[in-house]
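The structure under discussion appears below in the form of structure tokens.
The values are calculated or read from the model by the stated rules, or taken from the named source; none is laboratory data. The structure displayed is predicted, hence computed values, not measured ones. Cβ sites come from the backbone with ideal geometry, for glycine too, and all protein chains shown count toward neighbours.
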Amino acid sequence: MAFSKRNKLTCVLALAVATAGCSGHWKDPSQAETDRVRCRNQMRSAAYCVIQYRADHDEQFPKSLEEAVSGEIGLEMAKSFIQCPAGGSQAKYIYVDWSRWFTNGNVPKDYPLVYESNSNKHGDGVNVVRMDLSAFWDGNARWITRFIREHPEYDLKIPVKVKGSVLEK
């Protein structure tokens, strides 16, 4: 089933804003902060596509982040859209398909939906987007690591250390 016209337009607009690097900051932040914000905006847009996908598919989760995004921008572009856009970053996004544990679709709003796989060129930490689409910088990946350790039943991946990072595996 395809996205409805309204949802498709909204998702395409969100993707366009994210790829343009629109940060909403009024002052001149450091390059690392600028990269964090660009990454977070793109990640939030991808997460929004997951939410829209669910709305169009009886609250079912897509099997992958690519599936949620590719219907809007094509598979090739979606592949590059699921990793941090900051120059030189190697951080891919980890999408959590909660359907294995929440068959009714009622995932707690403060659970992670998408997060970065590792520390990257924009500092020690990762961006995280929760089910309610709130997004934040998680310094040293403390929040996501604590969540994963408190919920081993979900078997989520802890972000890995990258050379020069203080993240621990």
Verdict on Val114 being assigned to a strand (DSSP E or B) and within 22 Å of Arg142 (Cβ to Cβ)
yes
How many residues does the stretch 100-119 hold that are at pLDDT 95 or above and of a type in the set (Lys, Arg)?
1
So, in the stretch 62-98, of the ones that are hydroxyl-bearing (Ser, Thr, Tyr) and surrounded by fewer than 21 Cβ atoms within 10 Å (Cβ to Cβ), which residue ends up farthest from Met131 (Cα to Cα)?
Ser89
Kindly list, by first and then second residue, each pair from a residue in the stretch 128-144 that is at pLDDT below 95 to a residue that is buried (at least 16 other Cβ atoms within 10 Å of the Cβ) and not in a strand (DSSP E or B), limited to pairs with Cβ atoms under 6 Å and residues at least 6 apart or on different chains.
Trp137/Arg36; Asp138/Ile144; Asn140/Asp124; Ala141/Pro159; Ala141/Leu167
Inspect all residues belonging to the stretch 41-57 and state whether any of them is touching a strand residue (DSSP E or B) at 6+ places or on another chain (Cβ under 7 Å), aromatic (Phe, Trp, Tyr) and within 29 Å of Ser30 (Cα to Cα).
no
